[in-house]
Amino acid sequence: MLKGKNIVLGVTGGVAVYKALDIVSRLKKLDANVDVIMTKSAMEFVKPQAFQALSRNLVVTDLFETPRYWDIEHISLAQKADIFLVAPATANIIGKVANGISDDMLSTTIMASTAKIVFAPAMNTKMYENPIVQANISKLKSLGYEFINPGSGRLACGDVGAGKLAEPAEIVQYLIDLETGVEQDLIGKNILITAGPTVERIDPIRFITNRSTGKMGYAIAEAAVKRGANVTLVTGPSNLTPPAKANVIPICSAVDMYEAVKSHMDTQHIIIKSAAVADYRPETINDQKIKKQEGDMSIKLVRNPDILLELGKTKGDKVLVGFAAETNNVEEYAKCKVERKNLDFIVANDVTAKDAGFGTDTNIVKLIDKYGDIQEISSTKLDIANRILDKAKEFIK
């Protein structure tokens, strides 16, 4: 955990500054020591006294202010830090560090620090997607700097897209994971994971879906991120928080998921299809609510694309993992899927079993591979996620 750890928090300007107060509060509750450095623009949004009250340490704001003790302040903070977090991190501070510019207290302290440095970007969507900003981020990543992916949604400027500061709980969990030190055995591996349900619209109010919550797929994504993989998470609607470092692609329907997976499959080493995808969708989606009438009503359904089957046809040397959520003949049906869909292995479970299936934190599964080997596991979904990744590693050529 973070008890007794020295965290230096760099706060740059933007409307997300208020979230940094929550970060400090959460770190203090974990008994971490927090020192805060604020840029001048950050102080236009929140006064230093607020951070001072929460951190119980004096806030540093000016490179040239009179030192409060006989150390050179930016050097002493740089040496003190176990982890250096910049949140929110603007395009300005990212660009400065990427190009070796140190012209204020924050950038100077970062340059002098040998601690693990973590940026949590927050900015306008177009700015975040700007090739120059992305090039600066890529450069820093190549030098060992860590980045917590921003969230997507409606921004303060009114734009909709990526650029929101990750939630404080996600950021703090990222620091905990960083300090825990999970073995990084999947560095350089690209893993695509599908999770959650799909939703097939009938009209603006009604839809067809299933009971999947996404817990298993999100657990796999979390485990893969912690082990150093580059994770793409294609997810149907879910109330879960995805891992901060995952590239999250939200989808709605089975066709949406099919298109998202197709467009990202070529660069993957491992594809794990844990989503519960609807087999059928309404042939026609009504623009207006269907009104109740006398007598019965029927809706014509048509087949959705079989994503796993299509992937199996062109998978090449990729590792392809499927899921089989069944209520009977679990092993028999799973073995048929492995052969018919050209899978390396499948994760099969009986969703009617106690403490297994949808919405639980535990699961009971069988890993059945193309050679006929069967491994039964009863554990937490996170532990099973790691066992799935261990199995997938065996098939990497």
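Listing for the model above:
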quantity	calculated
Ellipticity estimate at 222 nm from DSSP helix runs (n ≥ 4, -39,500 (n - 2.57)) divided over the chain, nearest 500	-9500 deg cm²/dmol
Inter-centroid distance (Cα atoms) of segment 5-37 relative to segment 311-342, Å	46
Degrees between helix 381-394 axis and first principal axis of the chain (Cα, 0 to 90, nearest 10)	80
C-alpha long axis of helix 215-226 to longest principal axis of the chain, angle in °	40
Relative contact order of segment 190-394, pairs being alpha-carbon contacts under 8 Å that are 6 or more residues apart, as %	20
Gain upon complete extension [Ile132, Lys116; 0.36 nm per residue less C-alpha separation]	3.4 nm
Cross-link reach list, aspartates and glutamates versus Lys96, counting only Cα pairs under 16 Å and skipping chain neighbours closer than eight places	Asp104, Glu146
Pairwise FRET efficiency - Gln49 versus Asp287, Cβ, R0 = 45 Å, nearest 0.05	0.25
Candidate aspartates and glutamates - alpha carbon under 15 Å from Lys393, same-chain residues fewer than 8 apart omitted	Glu183, Asp185, Asp317, Asp344, Asp369
3J(HN,Hα) from dihedral phi, segment 289-294, Karplus parametrisation 6.51/-1.76/1.60, rounded to Hz, x for glycine, proline	4, 6, 7, 5, 10, 5
Options [x] 44, 24, 19; [y] 36, 26, 18; [z] 47, 25, 19 - which one matches semi-axes √(5λ) of the Cα gyration tensor in Å as calculated here	[x]
Contact order normalised by residue count of segment 322-371, Cα under 8 Å, 6+ apart, percent	36
Those residues of segment 89-115 whose amide nitrogen sits under 14 Å from the label point placed on Asp62, 7 Å along Cα→Cβ	105
Three-way shape label, segment 301-397, alpha-carbon gyration tensor, a/c 1.5	oblate
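No value in this document is a laboratory result; all are computed from the given coordinates. Bear in mind the structure is a predicted one, so any value in this text is a computation, not a measurement. Reconstructed Cβ throughout: ideal geometry from the backbone, glycine too, with neighbour counts over all protein chains shown.
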